[in-house]
Amino acid sequence: MRTLEAIEDFVKRHACLLIPKIVVESPASPAAVVGASSSWTSRHKARVPRSGPDGGNRTVNERARKVTALVIALLLCYGVAAVGGLLGTGSDRSWYADLAKPSWTPPSWVFGPVWMVLYGMMAVAVWLVWVSRPERASAAPIVVFAVQLAFNAVWTPLFFGLHRPGTALVDIVLLWLALLATVSLFFRRRAIAGLLLVPYLLWVSFAVALNLAIWRLNE
């Protein structure tokens, strides 16, 4: 009995010391939960992405830059088509109708719609390369693209304006070579940009053959 009483007396005297210690150190206690939550918050706070006003402005500016670049590319390509067409419209179109042509020559009305589609694809292709990162790597492809575009613009005045299929043939061969280099460079920057120029390359290849045949039949 005395032993039991001694144990009971020990428990009563030390209970006030044992219980608070258990409560404080227990991981299930509110204090421990709050402490752990605060610690986790402080550790992970830096990982949460912040979208401030500067980030929003950068996004808007980037979109505006891409839209502006697309508009410029469209104006450039269709502008070249318009200039070439204007320089060639002053000629007598009956001259072309009277030329000896191979049997596989397409009807005249086919050329306009085909070129309209191709110029649009050219504009999108150069735009994709233009807005690609890093921007410095796009300089050489764009310069070569501009070179082939210049040869493209000159062909119509040479062929229809000056009635010189031979000179136009030299120009279109140079155009084909510059275009081949452009397609290769575009593929290295953006595969889809290179693919967009493939129909243009095929059409110019056909135009080279047609120009050569007309020149040989009428020299």
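Report yes if residue 138 is within 17 Å of the chain's Cα centre (by Cα) and outside any helix (DSSP H, G or I), otherwise no. Spelling it out, it is not the case that residue 138 is within 17 Å of the chain's Cα centre (by Cα) and outside any helix (DSSP H, G or I).
Listed residues 209, 193, 213, 181; which is within 24 Å of the chain's Cα centre (by Cα), surrounded by fewer than 19 Cβ atoms within 10 Å (Cβ to Cβ) and assigned to a helix (DSSP H, G or I)?
Numbers: 209 fails: within 24 Å of the chain's Cα centre (by Cα); 193 fails: surrounded by fewer than 19 Cβ atoms within 10 Å (Cβ to Cβ); 213 fails: within 24 Å of the chain's Cα centre (by Cα).
Just a single option satisfies the conditions, and that option is 181.
Filtering segment 94-135 to residues that are in contact with a Ser or Thr (Cβ under 7 Å, 6 or more places away or on another chain) and either closer than 30 Å to residue 219 by Cβ or assigned to a loop (DSSP other than H, G, I, E, B) (or both) leaves only 132.
Within segment 126-141, residues that are over 13 Å from residue 188 (Cβ atoms) have Cβ atoms under 9 Å from residues that are at pLDDT below 85 in these pairs: 130/138; 131/62; 131/65; 131/138, counting only partners at least 6 apart in sequence or on another chain.
The values are calculated or read from the model by the stated rules, or taken from the named source; none is laboratory data. Just so we're clear, the structure is a prediction, and the values are computed from it rather than from any experiment. FYI the Cβ positions are ideal-geometry reconstructions off the backbone, even for glycines, and counts take in every protein chain you see.
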